[in-house]
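Report on the following structure.
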Amino acid sequence: MKRMLINATNSEELRVALVDGQRLYDLDIESGAREQKKANIYRGKITRVEPSLEAAFVDYGAERHGFLPIKEISRQYFKETAPGSGRPGIRQLVEEGQEIIVQVDKEERGNKGAALTTFISLAGRYLVLMPNNPRAGGISRRIEGEERAQLREVMSQLNVPDESGVIVRTAGIGRTTEEVQWDLDYLQQLWDSITHASAQRAAPFLIYQESNVIIRAMRDYLRPDIGEVLIDEEKVYQDVLNFVRQVMPSYENKIKLYQQDIPLFNRFQIESQIETAFQREVVLPSGGAIVIDPTEALVSIDINSARATKGSDIEETALNTNLEAAEEVARQLRLRDMGGLVVIDFIDMGPMRNQRAVENRLRDALKLDRARVQVGRISRFGLMEMSRQRLRPSLGETSGIVCPRCSGQGTIRDVSSLALSIIRLINEEAAKERSAEIRAVLPVNMATYLLNEKRDQLLEIEKASNVRVLVIPNPQMDTPHFEVSRLRDDNESVIAGETSYEIEVESKQFDAEEFNNHSQVPVEKAAVKSVQPAQPVPTPAAAPAPAKAEPVVAEEKSAGLTSRIVRALGSLFGSTPAAKADTKPETTENKPTDNRNNQRNNQRNKRRNEDRNEDRNANRNNRRNDRKRPHKEHKPKTDVQQEATANTDAPSEEKRNNRRNENRNDNR
């Protein structure tokens, strides 16, 4: 059974997991220190218009200004232009200082600011309302066939406001017009509150904040195939229950409070599966492994056979490992929520049919993904390219920081290589004019290596340049970090003759807040927090309860027995009316012996009809031939002619007799 598990015991981190049995297939984690801004609506101010980018930069209250391209600016914010002036530039359409309502389309990533749009979209249970984009609208691409036609009929009956567009979500399948119209009215009521609140203050400020991860999970993931929703915190349970009663009351019986002593995620054994989403290497059941490396340009995934030896030959081992990896890659992309370009390096396979099998397995596994995915074919180099829609920041971006030692590269230079680089730098600084002293503040292991293994080279630099070289170990510094400074001959410390142990070394300890400064940003309160629906949710029509089959079957059996007794008495006493009255209940009785007898009778009748048709056709042909012959006097047949006529009829007689014998044998 599929379940939705919500872990809210730690307020700093909310976790929502979707499991099928004990297998985790989707995960969403929201940290309290990292505020999510996607889908939030702000009132912002244009601070800079850049014609070279055909975009504007908007101050919406964040540290970095948002990026707003011209294609994402609604016509309602354009200035009036002179007719016939050609295609106007962005400076002729918008101006600096102009206030607009924007929505965050993409979160900030690295040094890039958030991508903004003025085409607002409000997600509901069954619909997505675009209040200022009438050109947009339609039905979700995932809906096909009869369901799509049914939703088109429902959309034709909706009362959509002017200058608005709607998109029907997959949750709208099978919903009535009243339910969908209620969702549309609620979203329109929410938009009216947003437009009213936007005029109350000057930009920039937050107007509407997207719901937290738990409410989003209820709205987006709660489907009829979810058997139950388990929540391990009382307050969150009440909030979810109130939301479900307000928006989707038919699912209220699925919301349950988890109160056992064993932690919720440990109860379903998914903590270890969540940990795999933070690891670089994921082991496959057969012994193979996949290695996931996100980079600036793309996500590279390498498939290794590792310890996989179950196949009979190398080709079968490669195929089985690739098939397992295809399913696990699709699952890991959902768990980590990685988007953008993805390149998968499968194990080389010879036959083309094996490559097609791996491609089909990956496409089937990606059908469960909510994001839009485009998959290519395996190239002659064994690489498959695919792209995945970035729904939200990846798990690594929201839960991790850049390594302060390697700066995210993953590797550092060894001691000997870095020591040679430092010696070259010392030699370069010492060769400059008026250089009196070179100070090298190094980690302890690096300083020890230079003072012992490279002491001769340091002495040669001092003699050649007539400078003093000081190597100062710093126990609070780690490789590959170091600091080399040059002092001129007029420096005060050089003139004073300061010794090496008197030199103060700055201690640069790793500060987590330097790399994770999101906790310092105060959480802004939205002007529009929640909107109460004007009307209650329409209750869906209850399906009629199915009739119990057991009493009906018993009644049919009793009726069949009674009819047989009456028919037997009728055959003895000739009472046909009673038999006719019981013929209808008898027809509802189906037994295996009756079916076999009916089949034999049908076959026998079919054969008889075929024989009769053959005889009729033969006689008809004979009569036609007689008409075509020249008219002759009728003469009595001789004995030879009568014998020939008898012989021509004999085969048909013999044929019928043989078939009758076969039917008798079948009945026996």
Scanning for something at pLDDT below 90, basic (K, R) and more than 30 Å from R142 (Cβ to Cβ), does segment 378-400 turn up at least one residue?
-> yes
Yes/no for T448 being within 30 Å of P294 (Cα to Cα) and of a type in the set (S, T, Y) | no
If D232 satisfies every condition in (1) farther than 30 Å from Q260 by Cα; (2) touching a Ser or Thr at 6+ places or on another chain (Cβ under 7 Å) but one, which is the exception?
-> (1)
Sole exception among (1) in contact with a strand residue (DSSP E or B) (Cβ under 9 Å, 6 or more places away or on another chain); (2) under 25 Å from T176 (Cβ atoms); (3) surrounded by 19 or more Cβ atoms within 10 Å (Cβ to Cβ) for T118, by number | (2)
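Those residues that are among the acidic types (D, E) and within 12 Å of V102 (Cβ to Cβ), I need them from segment 60-80; list them, please. Walk me through how you get there before you give the answer.
Residues of segment 60-80 that are among the acidic types (D, E), as a first pass: 63, 72, 80.
If the condition is that a residue be among the acidic types (D, E) and within 12 Å of V102 (Cβ to Cβ), then E72 is the only one that fits.
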Among the residues of segment 128-156, the number that are in contact with a Leu (Cβ under 6 Å, 6 or more places away or on another chain) and either of a type in the set (G, A, S) or more than 14 Å from R175 (Cα to Cα) (or both) is 1
Does any residue in segment 421-440 that is within 14 Å of R488 (Cβ to Cβ) come within less than 6 Å, Cβ to Cβ, of a residue that is in a loop (DSSP other than H, G, I, E, B) six or more places away or on a different chain, and which pairs are these?
-> A430/V467; R434/D489; S435/V467; A436/D489; I438/V467
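Has segment 64-86 got at least one residue that is of a type in the set (A, V, I, L, M, F, W, C), surrounded by 21 or more Cβ atoms within 10 Å (Cβ to Cβ) and out of contact with any Leu (no Cβ under 8 Å at 6 or more places or on another chain)? So that I can check it myself, show each step before the final result.
As a first pass, look at segment 64-86 and keep what is of a type in the set (A, V, I, L, M, F, W, C): 67-68, 70, 73, 78, 82.
Keeping just the survivors that are surrounded by 21 or more Cβ atoms within 10 Å (Cβ to Cβ) gives 68, 73.
Now drop any that are not out of contact with any Leu (no Cβ under 8 Å at 6 or more places or on another chain), which leaves none.
Within segment 64-86, not a single residue is of a type in the set (A, V, I, L, M, F, W, C), surrounded by 21 or more Cβ atoms within 10 Å (Cβ to Cβ) and out of contact with any Leu (no Cβ under 8 Å at 6 or more places or on another chain).
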Condition check for R43: in contact with an Asp or Glu (Cβ under 8 Å, 6 or more places away or on another chain), basic (K, R), under 24 Å from N132 (Cα atoms) and crowded, with 20+ Cβ neighbours inside 10 Å = yes
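From the list E210, E252, E233, pick out the single residue that is of a type in the set (D, E) and surrounded by fewer than 16 Cβ atoms within 10 Å (Cβ to Cβ). I'd like the intermediate steps shown before the answer.
Details: E210 fails: surrounded by fewer than 16 Cβ atoms within 10 Å (Cβ to Cβ); E233 fails: surrounded by fewer than 16 Cβ atoms within 10 Å (Cβ to Cβ).
One residue alone meets the criteria, E252.
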Filtering segment 83-117 down to residues that are in a strand (DSSP E or B) and touching a Phe, Trp or Tyr at 6+ places or on another chain (Cβ under 8 Å) yields I100, I101, V102, Q103, V104, K112, A115, L116
Inside segment 308-329, can you point out the residues that are modelled with pLDDT under 85 and hydroxyl-bearing (S, T, Y)?
-> T309, S312
Cβ-Cβ under 7 Å pairs, at least 6 apart or on other chains, segment 374-395 side farther than 21 Å from L14 by Cβ and not assigned by TED's automatic domain parsing to the domain that holds I301, far side among the acidic types (D, E) and in a strand (DSSP E or B) = none
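The values are calculated or read from the model by the stated rules, or taken from the named source; none is laboratory data. Remember, predicted model here, so these are calculated numbers, not experimental data. As a convention, Cβ positions derive from the backbone with ideal geometry for all residues, glycine included, and neighbour counts pool all protein chains shown.
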